[in-house]
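Student: Quick one: this structure, given as structure tokens, is what I'll be asking you about.
Each reported figure results from applying straightforward, stated rules to the coordinates on display, with no laboratory input. Given the structure is predicted, the values throughout are model-derived calculations rather than measurements. So basically every Cβ, Gly included, is an ideal-geometry build from the backbone, and we count neighbours across all protein chains shown.
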Amino acid sequence: MTAIQQKGQKVIALNGDEAVAYAVKQCDVDVVAAYPITPQTIIVEKFSEYVHDGEVDTEFICTESEHSALTCCLTAAAVGARTFTATASAGLALMHEILYVTSGCRAPVVMAVANRALSAPINIHCDHSDSMVERDSGWIQVYAENNQEVYDSIIQAFRIAEHAEVLLPILVGLDGFFLSHTLENVCVLPDEVVRNFVSQRQFPLVKNHEGKLVPFKLDPENPITIGPLDLQDYYFEHKRQQEEAMQRAPEIIKKIHEEYAEISGRRYGNGLVETYRLEDAELATICLGSTAGTVKTVVDELRAKGVRAGLLRIRAFRPLPVQDIIEALRNVKAIAVMDRSCSFGGYGGPVFHEIRHALYDSNPHTHTVNYIYGLGGRDMSQHMILKIYQDLEMIIKTGRTEHLVQFVGLRE
Amino acid sequence: MASEWKFTAKEIAERPDLFMSGHRACAGCAPATVHRLVLKATRGPTIATNATGCMEVTSTIYPFTAWKIPWIHTAFENAAANASGIEAALKILRKKGRLEYEHVDVIAFGGDGGTFDIGIQALSGAVERGHDFLYVLYDNEAYMNTGIQRSGGTPLGAWTTTSPAGRKIPGKPQLKKPIADIMVAHEMPYVATASPAFWIDLIKKVRRGLEVEGPAFLHVIAPCPRGWRSDPSKSIEISRIAVETCIFPLWEAIDGEYNLSAPSKLMALRPERKKTVKEYLKMQGRFRHLFKPEFEHLTGKIQETVDRRWQKLLKRCNMP
């Protein structure tokens, strides 16, 4: 009997979207509101089947737009429901306004984003442009490397979002097609184990306009006003509270990740970042999502040749685990940050901005360069990753950085 | 749809106000009156939501609120989606035994901008899905919160800051969108129009809208003295004359069957009582330019439009 079977888990073949739907099915979600968009579609299709076959006790709202889908989740969450939605690309962009409203209303909505390029030109394939542009919207962002992590992250997400110290919405990113449409073996927990893990939503007490302590939800017995006009005299404090919740989130994410590891036997680093052969590494790449799998293969090859290569995978991009990043890269001599999106006119991609900024005080002498890769689903081959490590070797050897920001994998 | 409530003036007056005084709406603001009247008709636990707009802004300046019931605002174009999410949550939480109330009513309020224009998609979607909620459109016929810009609800010829009374183009060149008919075309169970001047009629319609299973839509005319350039003490009078001129007839459509409400039925049975549109237009500075000789033909066009729409309504109501 394997360890997996001992825990009552079973292995089933799921693509990333199905892994999301399966996890949501197990989490006692009250309201799912969604609108179909490639490559998220399978999530809503699969969940519709669960609803129509009576496998879930969930109000499923097929809205007329993503804007309304997120709105429904937000107000349902305000009433006290556990809520979920899923989208991608243009759908996330259409939600943009409500992303801020959701976090501002402290509604713990969970959302899966099958990461996809933004138009124009229209492209249905993977990059991180859609969710990177929302990095300042007050949502926790977690990026999964494979379908197993997709499944595990969705289950953890409900606990994180609904935690009284957090009460923030959370986005789980899975790379469009690379994960969303790719079949992998996924180890799933028994329904009752997940149900116990996610438990029921609890409501912290807040002071209402009459000075009474009441549960933070729309309750006729204890009326509160959510989403008021908030002017120069209070808005700033409310935004500060959001940031404070973000700052409390890393500890909660780690704690819930650890609790989950106890029931599942699965860990992804410390829940915030995952290091791969980084302990004595001189050369490091940093990436998010499914690319990490390919990078790990290249790291193994390089290690076999005696090259001290390693990888840092950022799992939680928001809140950015700055101390974990600094700690993980302490002894590295050259770093390549890989961005699957472009900040047009900026100084490198968004992940690069964050990492280089985080390292500024601690490792000022570490060479940190940026590679923009894989836009619109362009494949990131082992060969290209190898080239990046070779560039880093050259940087260490010469002490010089030829190009701070480069595009890799272009047809030129 | 029989209600035990008698809707007498005494009974209405005795009911507590759930939309409280102390809000920051302007003097003579009919939308504020409409909100107060609507909440007089609640039948039990109720959750309300507003689209962005004057009434959201003036009623909830943090840390104050005019709402004695749970209330949420999220954005401009999604009041009906707010209601959809609230209703779905109530339904499933009740089913799971996590809601202590037998029933909770849901009311969404939107202005004309939030309903005719930016909110029509969410509204149409929510009604098509059949959520059980009442949508109240308080129609002051322009974007008043941003300072009087024209909307799809602004009537022909009206001055607004984006349809100025220019030398060449005198006010809004387009007609008002027939929003309530658009809602009837959704084959929803209950659509009605109301005026705060006929407040018992309005309150009855709110109650019917709440009692009906599924979505209900109430279109209420709600003069804005600032935007209409009208005397703040005349808002209710203007609301009455809007009905008496048949510019804003009062009717109900229950399961798509149109019926004139009493104040408008009177106009149908006693056409001599029907006032000319000029009586309505002259009370409002936003139509002042139409009384200049060079634009006077427009008042004729407005009268024609009103008459045409009135005849169409009479046919729908099977009136002679």
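Student: When 1/r is averaged over all different Cα pairs and the result inverted, which Kirkwood radius in Å belongs to segment A:273-408?
Tutor: Values: mean 1/r = 0.0685 Å⁻¹.
Roughly 14.6 Å, rounded to one decimal.
Student: Given springs between every Cα pair under 10 Å in a Gaussian network model of chain B, which of B:Glu296, B:Glu237, B:Glu187 has the largest fluctuation?
Tutor: Looking only at B:Glu296, B:Glu237, B:Glu187, the largest GNM fluctuation is found for B:Glu296.
Student: When the Karplus curve 6.51 cos²θ - 1.76 cosθ + 1.60 is applied with θ = phi - 60°, which whole-Hz ³J(HN,Hα) does each residue of segment A:116-133 get, with x for Gly and Pro?
Tutor: 8, 4, 9, 6, 9, x, 5, 7, 9, 9, 6, 7, 9, 4, 5, 8, 4, 5
Student: What is the mean number of Cβ atoms from other protein chains located within 10 Å of the Cβ atom of each residue in peptide A:79-87, rounded to a whole number? Could the numbers behind the result be given before it?
Tutor: Values: counts 14, 5, 11, 3, 3, 0, 0, 0, 0.
That works out to 4 on average.
Student: Can I ask one more? Would you grab the residues whose amide H sits under 5 Å from the one on A:Val109? Only those 5+ places off in sequence or on another chain, please, with H modelled 1.01 Å from N.
Tutor: A:Ile170
Student: Where does chain A land on Rg(C-alpha)/(2.2 N^0.38 Å)?
Tutor: Numbers: Rg = 21.3 Å, N = 412, 2.2 N^0.38 = 21.7 Å.
Computed over Cα atoms of chain A, the ratio equals 0.98.
Student: Ok, one more. Would you work out which of B:Leu218, A:His383, A:Val51 lies farthest towards the positive end of the dipole of the protein assembly as shown? Charges go on Cβ: Lys and Arg +1, Asp and Glu -1.
Tutor: B:Leu218
Student: Distance between the C-alpha centers of segment B:111-188 and segment A:347-402? Whole Å please.
Tutor: 53 Å
Student: Give me a single rounded figure for B:92-103: the average over its residues of other chain Cβ atoms within 10 Å of their Cβ.
Tutor: Values: counts 11, 10, 0, 3, 6, 0, 5, 5, 3, 3, 0, 0.
Taking the mean over all residues of the peptide, I get 4.
Student: Continuing with this model, one more query. Counting Lys +1, Arg +1, Asp -1, Glu -1, what net charge surrounds A:Leu229 among other residues with beta carbon under 14 Å of its beta carbon? All intermediate terms of the calculation are to be shown ahead of the outcome.
Tutor: Details: positive: B:Arg24; negative: A:Asp230, A:Asp233, B:Glu56.
Neighbourhood net charge equals -2.
Student: Tell me the net charge near B:Asp112. Cut-off is 12 Å between Cβ atoms, B:Asp112 excluded, with +1 for each Lys or Arg and -1 for each Asp or Glu. Intermediate values should be presented prior to the final figure.
Tutor: Numbers: positive: B:Arg150, B:Lys176, B:Lys177; negative: B:Asp117, B:Asp139, B:Glu141.
Surrounding charge for B:Asp112 is 0.
Student: First select every other residue whose beta carbon is under 10 angstrom from the beta carbon of B:Leu18; then total the charges, Lys and Arg +1, Asp and Glu -1. Let's see the in-between values first.
Tutor: Working: positive: B:Arg15, B:Arg36, B:Lys40, B:Lys68; negative: B:Asp17.
Summing Lys/Arg as +1 and Asp/Glu as -1 gives +3.
Student: Karplus couplings for segment B:59-70 from phi (6.51 cos²θ - 1.76 cosθ + 1.60, θ = phi - 60°), rounded to Hz, Gly and Pro as x?
Tutor: Using θ = phi - 60°, the values come out as 9, 9, 5, 4, x, 9, 8, 8, 9, 8, 10, x Hz.
Student: Using only the alpha-carbon atoms, what does segment A:342-412 span along each of its principal axes? Please give whole angstrom values in decreasing order.
Tutor: Its Cα atoms span 35, 27, 17 Å along the three principal axes.
Student: Once amide H atoms are placed 1.01 Å from N in the peptide plane, what residues at a sequence separation of 5 or more from A:Thr368, or on another chain, have their amide H within under 5 Å of its amide H?
Tutor: A:Ile335
Student: Could you calculate, for the protein assembly as shown, the ratio of the Cα radius of gyration to the Kirkwood radius, expressed as Rg to Rh? Please list the in-between numbers first.
Tutor: Working: Rg = 29.5 Å, Rh = 27.9 Å.
On the Cα set of the protein assembly as shown, Rg over Rh gives 1.05.
Student: Can you tell me the mean projection area, over all orientations, of the convex hull of segment B:181-235's alpha carbons? Units nm², please.
Tutor: Details: hull surface 17.9 nm².
Result: a mean projected hull area of 4.5 nm².
Student: List, in order, the whole-Hz ³J(HN,Hα) value for each residue of segment A:270-282 obtained from phi through the Karplus relation with A = 6.51, B = -1.76, C = 1.60 and θ = phi - 60°; use x for Gly and Pro.
Tutor: Residue by residue, segment A:270-282 yields 9, x, 9, 9, 10, 9, 10, 6, 9, 3, 10, 6, 9 Hz.
Student: Given Cβ point charges of +1 (Lys, Arg) and -1 (Asp, Glu) and nothing else, what value in debye, to the nearest 20, does the dipole of the protein assembly as shown about its Cα centre take?
Tutor: Values: 82 positive and 87 negative charges, 530 e Å.
Magnitude of the dipole: close to 2540 debye.
Student: Straight-line reach from B:Lys168: which aspartates and glutamates fall under 18 Å, measuring Cα to Cα and dropping same-chain residues less than 8 apart?
Tutor: Cα-Cα hits under 18 Å: B:Glu294, B:Glu296.
Student: Quick check: Cα centre of segment B:281-304 to Cα centre of segment A:272-293, how many Å?
Tutor: Centre-to-centre distance over Cα atoms comes out at 73 Å.
Student: At a 10 angstrom cut-off on C-beta neighbours, averaged per residue, how do the peptides B:270-276, A:41-47 rank from highest to lowest?
Tutor: Working: B:270-276: 11.6, A:41-47: 22.1.
By packing density, highest mean first, the sequence is A:41-47, B:270-276.
Student: To one decimal place, what orientation-averaged projected area in nm² is obtained for the convex hull of the Cα set of segment A:183-285?
Tutor: Numbers: hull surface 49.9 nm².
Average projection, Cα convex hull of segment A:183-285: 12.5 nm².
Student: Next question, about the same structure. What residue among A:Ala261, A:Ala90, A:Ala328 has the largest mean-square fluctuation in a Gaussian network model of chain A, using Cα springs under 10 Å?
Tutor: Comparing A:Ala261, A:Ala90, A:Ala328 in a Gaussian network model of chain A, the most mobile one is A:Ala261.
Student: Please tell me which of these pairs span more than 21 angstrom C-alpha to C-alpha: A:Lys46/A:Lys254; A:Lys212/B:Lys10; B:Lys234/B:Lys275? Show your work: numbers first, answer last.
Tutor: Working: A:Lys46/A:Lys254 30 Å; A:Lys212/B:Lys10 32 Å; B:Lys234/B:Lys275 17 Å.
A:Lys46/A:Lys254; A:Lys212/B:Lys10, as the Cα separations exceed 21 Å there.
Student: What is the mean number of Cβ atoms from other protein chains located within 10 Å of the Cβ atom of each residue in peptide A:224-236, rounded to a whole number? Mind showing how you got there, number by number?
Tutor: On the way: counts 6, 15, 8, 12, 13, 12, 4, 3, 0, 3, 3, 1, 0.
Neighbouring Cβ atoms belonging to other protein chains average 6 per residue here.
Student: Treat every Asp and Glu Cβ in segment B:9-316 as -1 and every Lys and Arg Cβ as +1, leave all other atoms uncharged, and give the resulting dipole magnitude about the Cα centre to the nearest 20 debye. Walk me through the intermediate numbers first.
Tutor: Numbers: 43 positive and 32 negative charges, 162 e Å.
The calculation lands at about 780 debye.
Student: Say the dipole of chain A comes from +1 at the beta carbon of Lys and Arg and -1 at that of Asp and Glu; which of A:Asn222, A:Val142, A:Ala358 then lies farthest toward its positive end?
Tutor: A:Ala358
Student: Only loop residues by DSSP count here, and only those with at most 11 other Cβ atoms within 10 Å; note down the trypsin sites (Lys or Arg not before Pro) in segment B:1-103 that meet that. Don't jump to the answer; show the numbers that get you there.
Tutor: Details: sites: B:Lys6, B:Lys10, B:Arg24, B:Arg36, B:Lys40, B:Arg43, B:Lys68, B:Lys91, B:Arg94, B:Lys95, B:Lys96, B:Arg98; in loops: B:Lys6, B:Arg24, B:Arg43, B:Lys68, B:Lys96, B:Arg98.
Of the trypsin sites (Lys or Arg not before Pro), the ones in loops of segment B:1-103 whose Cβ has at most 11 other Cβ atoms within 10 Å are B:Lys6.
Student: Amide H of A:Phe407 versus every other amide H placed in the peptide plane: which residues, excluding those fewer than 5 positions away on the same chain, fall under 5 Å?
Tutor: A:Ile372
Student: Further question on the same structure: To check my understanding: the extent here is largest minus smallest coordinate of the Cα atoms along each principal axis. What are those three numbers for segment B:9-316, in Å, largest first?
Tutor: Principal extents (largest minus smallest coordinate, Cα): 68, 43, 39 Å.
Student: Under the Kirkwood approximation applied to all pairs of distinct alpha-carbon atoms, what is the hydrodynamic radius of segment B:18-78 in Å?
Tutor: Numbers: mean 1/r = 0.0839 Å⁻¹.
11.9 Å is the Kirkwood radius here.
Student: Dipole of segment B:9-316 (Lys/Arg Cβ +1, Asp/Glu Cβ -1, origin at the Cα centre): which of B:Ala27, B:Ala180, B:Ile302 lies farthest to the positive side?
Tutor: Of the options given, the answer is B:Ile302.
Student: Helix-only estimate, please: 222 nm mean residue ellipticity of chain B, summing -39500 (n - 2.57) across DSSP H runs of length 4 or more and dividing by its residues, to the nearest 500.
Tutor: -10500 deg cm²/dmol
Student: Antiparallel DSSP bridges in segment B:9-316: what percent, to the nearest 5? Mind dumping the intermediate values first?
Tutor: Working: 11 of 35 bridges.
Antiparallel: roughly 30 percent of the beta bridges in segment B:9-316.
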